Amino acid sequence: MQHLAKIPFPEVERLARTGDAVVILPVGVVEEHGAHLPLGLDSFAAEAYSEAAAPHLEEKGYAVIIAPTISYGVAHQALDFSGTLTLEPETLRALVVDIARSLARHRLDRLVILNGHRDLTHMKALDKARDLLVDEKTAQVLCVGFTTDDAVTAACYRKDVAELSRSVRADREGHGGEWETSLALFSFPDLVNRNIIEKLEPNFDYDLEAFRNESESYWRLTDGRGYFGSPQSASAETGRRLVSIRGRNIADVILNAWGAATEKSLISG
């Protein structure tokens, strides 16, 4: 696994020549996740899952390159909270397209967009970027993580994780709740405001359909708390297992779509 921003250009040339390179582009946002979690959580999550998926892909012959994270996205639902930033969907789409075209120019034309931010408009913008790139034959592109395809999202993020929950209402865990707090406690604990977690009452009594359909703002749905579920139920151990399982899940989705790199080599040969 290589991070694109940390290697010199000759190494990029070498990886491109193998024909087995796959670039993972983590995508997040700057958005509130409660008073206990950092605004960059979705970006940090996408990075953690990218790194967790990489070894599984390498076992199947891929040379994994992780591109610098797109840390801005569409976040209109949380704009009432200080610090939340948003792009227009067209801006996000154009940014992804420009990055992918640049990668393809260097013969890195197999791209996985790993999205850590659940927002319908945000996810649709990523879909449009993928569709354009595929239509113009710039690259092979997959959207994984949070996507508009609920089956893909479930395969990436929900498969084999339900049993990890310690929440009394696992069905109500969402944004800033047990799962994301656990991830943060494991992956970037220094950015978690631990002192406040025990003071945060569970937020189970919210309009689930309005949350899923994004018909109400996060401020209104949470009474200004910014989280859904029970941050107190989180643990670093849950986070460790969550990252491991989701990394494997994401790799499986990619491999199911594209097969192993060795298989591709045999087919092309």
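The values are calculated or read from the model by the stated rules, or taken from the named source; none is laboratory data. These numbers come from a predicted model, not from an experiment. So basically every Cβ, Gly included, is an ideal-geometry build from the backbone, and we count neighbours across all protein chains shown. The area values use the complete protein model at the heavy-atom level, side chains included, leaving out ligands, DNA and RNA. Shrake-Rupley method; radii C 1.70, N 1.55, O 1.52, S 1.80 Å.
Kindly provide the trypsin sites (Lys or Arg not before Pro) of the range 47-156 that DSSP labels as loop, not H, G, I, E or B, and whose Cβ sees at most 12 other Cβ atoms within 10 Å.
Sites meeting the loop and neighbour criteria: K137.
Provide the descending list of Cα extents for the range 1-104 along its principal axes, expressed in whole angstroms.
Reported extents, whole Å, longest axis first: 48, 28, 22.
What is the local net charge at E178, summed over the other residues whose Cβ is closer than 12 Å to its Cβ (Lys, Arg +1; Asp, Glu -1)?
Once all neighbours under 12 Å are counted, the net charge is 0.
What's the angle, to the nearest 10 degrees (0 to 90), between helix 178-187's Cα axis and the longest principal axis of the chain?
60 degrees
Based on alpha-carbon positions alone, could you give the equivalent ellipsoid semi-axes of the range 136-218 from the gyration tensor, as √(5λ), descending, whole Å?
In descending order the semi-axes read 27, 18, 14 Å.
Please give the calculated 222 nm ellipticity per residue for the chain, where each DSSP H segment of at least 4 residues contributes -39500 (n - 2.57) and the sum is spread over every residue; nearest 500 deg cm²/dmol?
Roughly -14000 deg cm²/dmol at 222 nm, from the helical runs in the chain.
What residues have an amide H closer than 5 Å to that of H3, excluding those fewer than 5 places away on the same chain, when H is modeled at 1.01 Å from N in the peptide plane?
Answer set, sorted by chain and number: I66.
Want the number for A162 to E214: 0.36 nm per residue separation, take away the alpha-carbon distance, what's left?
16.4 nm
Restricting the count to DSSP beta bridges whose residues both fall in the chain, what percent are antiparallel, rounded to a multiple of 5?
5 percent
Working from the alpha-carbon coordinates of the range 75-160, get Rg over Rh, Rh being the Kirkwood radius.
My calculation of the ratio gives 1.01.
Taking 25 Å as R0, compute the FRET efficiency from the Cβ-Cβ separation of A154 and S244 and round it to 0.05.
0.90
Tell me the net charge near N249. Cut-off is 10 Å between Cβ atoms, N249 excluded, with +1 for each Lys or Arg and -1 for each Asp or Glu.
Around N249, the charge tally is +2.
Whole number in Å², please: accessible area per residue of the range 93-189, 1.4 Å probe, ligands, DNA and RNA not counted. Each step should come with its number before you reach the end.
Details: 4340 Å² over 97 residues.
On a per-residue basis, 45 Å².
Express in whole angstrom the spacing between the alpha-carbon centres of the range 78-115 and the range 139-209.
22 Å
Where in the range 39-57 does the label zone of D252 land, with the point 7 angstrom along Cα→C-beta and an amide N cut-off under 18 Å?
From the range 39-57, the list is 49-57.
Take the solvent-accessible surface of the protein heavy atoms, probe 1.4 Å, and return the percent of it on the chain that carbon and sulfur atoms account for.
49 percent
Please go through the range 134-225 and write out the GluC sites (Glu not before Pro) that DSSP classes as loop and that have at most 12 other C-beta atoms within 10 Å. Walk me through the numbers before you get to the answer.
Working: sites: E136, E163, E173, E178, E180, E198, E209, E214, E216; in loops: E136, E173, E198, E214, E216.
When the GluC sites (Glu not before Pro) of the range 134-225 are filtered for loop state and at most 12 Cβ neighbours within 10 Å, E136, E198 remain.
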